[in-house]
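Below is one structure, written out as structure tokens, with a few remarks after it.
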Amino acid sequence: MASVLVTGGAGYLGSHTCVELLSAGHDVVVFDNLSNSCEEALNRVQELTHKSLTFVQGDIRYQDEIDQVFSDHHIDVVIHFAGLKAINESLETPLTYFDHNVVGGTQLLKSMEKAKVFTLIFSSSATIYEAIGDIPLHEDVPVLSKNNYSYTKLITEQMLQQIAKADSRWSIALLRYFNPVGAHKSGRIGEDPQGVPNNLMPYITQVAVGRRKKLSIYGHDYDTIDGTGVRDYIHVVDLANAHLCALNNRLGAKGCRAWNIGTGRGSSVLQVKNSFEEVTGIPIAFELSSRRAGDVATSCADNSRAVTELGWQPQYTLEDMLADSWNWQKQNPNGYN
Ligand code: NAD
Ligand code: WQD
């Protein structure tokens with residue numbers, strides 16, 4: 001069993017990963033500044049697993065704060081979720097995004113090197129793919145920065161690749177997530193976006209719970225099955241489990257390698273909306289509106305590398321994702337508040 005430092009562990013993906021880590025018997029130290037999360041998520045992680053974790057409130061941009069974690073705790077592996085993730089915000093405040101995501105990442109690496117911890121799992125994103133030709137997207141298709149957020153992911157990936165090339169002590173996994181949705185089966189933890197959701201799934205569940213009037217479907221003239229955008233939605237628990245597989249893989253390996261974390265199945269916006277209505281029995285008011293700037297028609301993973309090399313296999317269907325998203329939203333209409 002390993003002792004795992006989870007940066008950003010109080011957030012949406014981090015909290016679900018902590019549940020799986022604790023359930024598998026690992027020790028967990030969470031380091032999070034709570035800028036987009038709350039401690040209640042961690043209370044619930046412990047309640048669900050009947051295990052305790054260590055929480056340290058701090059910011060990855062401040063070296064002394066991370067150094068302190070490594071001197072106070074024995075750490076074998078770092079799973080690095082901490083960072084900012086709103087594309088629109090990244091266009092308005094690029095410096096803030098580079099500071100948290102790139103400078104923060106660099107500070108973390110320096111602390112790891114000092115503490116002689118060389119195993120890292122990094123939260124990357126399918127947003128780095130050019131996504132205009134090859135579908136499904138294989139790890140080797142061209143990558144491109146489309147906005148400041150994806151640029152921070154691309155820079156960090158490239159930095160990690162160079163570091164692992166120059167110093168053979170490093171063992172790094174780049175996990176490129178497609179569209180994470182859903183929630184833990186219990187409905188106790190889930191996605192809790194601040195303000196108006198940017199992403200489709202929380203928008204739909206907030207319409208269903210009465211917090212938003214109607215869904216705007218961004219674009220209905222794409223070259224897809226019904227004209228609306230197609231994405232590869234992946235259940236957050238499947239995604240969390242991919243981190244356990246990556247951890248097992250990296251503990252016995254060297255170098256830096258990227259893996260797609262998606263199901264390999266695409267669903268259109270209309271298919272998601274219609275399936276949500278079927279699964280929950282709740283009608284979703286909607287309007288067809290114009291395309292959202294920066295969106296692509298289709299994004300879908302070739303996940304064969306993760307399946308073969310990590311021994312990872314996603315278990316959940318789109319219907320499971322919708323039912324679990326709704327279960328969380330219905331039990332927590334205002335999120336953790
Ligand atoms: P989230 O906002 O729920 O979690 C991120 C956590 O990091 C939050 O708890 C936040 O408080 C913390 N944090 C932010 N800046 C920090 C800092 N400087 N120091 C310490 N803690 C800090 O986001 P999420 O959806 O759980 O995403 C986790 C990671 O996965 C992010 O790096 C994100 O870019 C990446 N990712 C997310 C998605 C997605 O759709 N959710 C897709 C691809 C990649
Ligand atoms: C999905 C589909 C929209 C909202 C983003 C980031 C990506 C990753 C995951 C972090 C698209 C449509 C959406 C709405 C809609 N995050 N839509 N009405 O854009 O694929 O990916 O989140 O790394 O980097 O780009 O996800 O959920 O925003 O959109 O019609 O109110 O739903 O146009 O086709 P996206 P999304």
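Quick one: which of Gln46, Gln68 is surrounded by 15 or more Cβ atoms within 10 Å (Cβ to Cβ), within 21 Å of Ser186 (Cα to Cα) and more than 16 Å from ligand 2 (Cβ to nearest atom)? Quick ask: steps written out before the conclusion?
On the way: Gln68 fails: within 21 Å of Ser186 (Cα to Cα).
Unique residue meeting the criteria: Gln46.
Output the residue which, of all residues in segment 47-94 that are of a type in the set (Asp, Glu) and out of contact with any Leu (no Cβ under 9 Å at 6 or more places or on another chain), is farthest from Ser171 (Cα to Cα). Break it down into steps so the answer makes sense when it comes.
Applying the first criterion (of a type in the set (Asp, Glu)) to segment 47-94 yields 47, 59, 64-65, 67, 72, 76, 89, 92.
Of the ones still in play, those that are also out of contact with any Leu (no Cβ under 9 Å at 6 or more places or on another chain) are 47, 59, 64-65, 67, 72, 89, 92.
Details: Glu47: 32, Asp59: 24, Asp64: 24, Glu65: 23, Asp67: 20, Asp72: 23, Glu89: 32, Glu92: 34 Å.
Selected residue: Glu92.
Inside segment 9-101, counting only helices (runs of 4 or more DSSP H) that do not spill past its ends, which hold 3 or more residues that are under 15 Å from the mean Cα position of the chain (by Cα) and closer than 29 Å to Arg292 by Cβ? So that I can check it myself, show each step before the final result.
Numbers: elements: 12-23, 39-49, 63-72, 87-92, 94-97.
Correct list: 12-23.
Restricting to segment 178-187, what's the tally of residues that are buried (at least 21 other Cβ atoms within 10 Å of the Cβ) and either aromatic (Phe, Trp, Tyr) or in a loop (DSSP other than H, G, I, E, B) (or both)? Show your work before the answer.
Filtering segment 178-187 for residues buried (at least 21 other Cβ atoms within 10 Å of the Cβ) gives 178-184.
Pick out the ones that are also either aromatic (Phe, Trp, Tyr) or in a loop (DSSP other than H, G, I, E, B) (or both) and you get 178, 182-184.
Of the residues in segment 178-187, 4 are buried (at least 21 other Cβ atoms within 10 Å of the Cβ) and either aromatic (Phe, Trp, Tyr) or in a loop (DSSP other than H, G, I, E, B) (or both).
Which of the following residues is touching a residue at least 60 places away in the same chain (Cβ under 8 Å) and on the phi > 0 side of the Ramachandran plot: Gly219, Gly229? Show your work before the answer.
Values: Gly229 fails: on the phi > 0 side of the Ramachandran plot.
Answer to the selection: Gly219.
A quick yes/no check of all residues on (1) within 16 Å of ligand 1 (Cβ to nearest atom); (2) in a helix (DSSP H, G or I):
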{"position": "Asn260", "(1), (2)": "yes, no"}
{"position": "Glu277", "(1), (2)": "no, yes"}
{"position": "Ile284", "(1), (2)": "no, no"}
{"position": "Leu288", "(1), (2)": "no, no"}
{"position": "Gly294", "(1), (2)": "yes, no"}
{"position": "Gln313", "(1), (2)": "no, no"}
{"position": "Trp328", "(1), (2)": "yes, yes"}
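When segment 148-175 is examined, which residues are found to be part of a loop (DSSP other than H, G, I, E, B) and either among the hydrophobic types (A, V, I, L, M, F, W, C) or in contact with a strand residue (DSSP E or B) (Cβ under 6 Å, 6 or more places away or on another chain) (or both)?
First, pick out the residues of segment 148-175 that are part of a loop (DSSP other than H, G, I, E, B): 167-170.
Passing the criteria: only Trp170.
Bear in mind these aren't lab numbers, they're just calculated from the coordinates by the rules spelled out. Just so it is clear, the structure is predicted and the values come from calculations on it, not from any experiment. We place every Cβ from the backbone using ideal geometry, glycine too, and count neighbours over all the protein chains shown.
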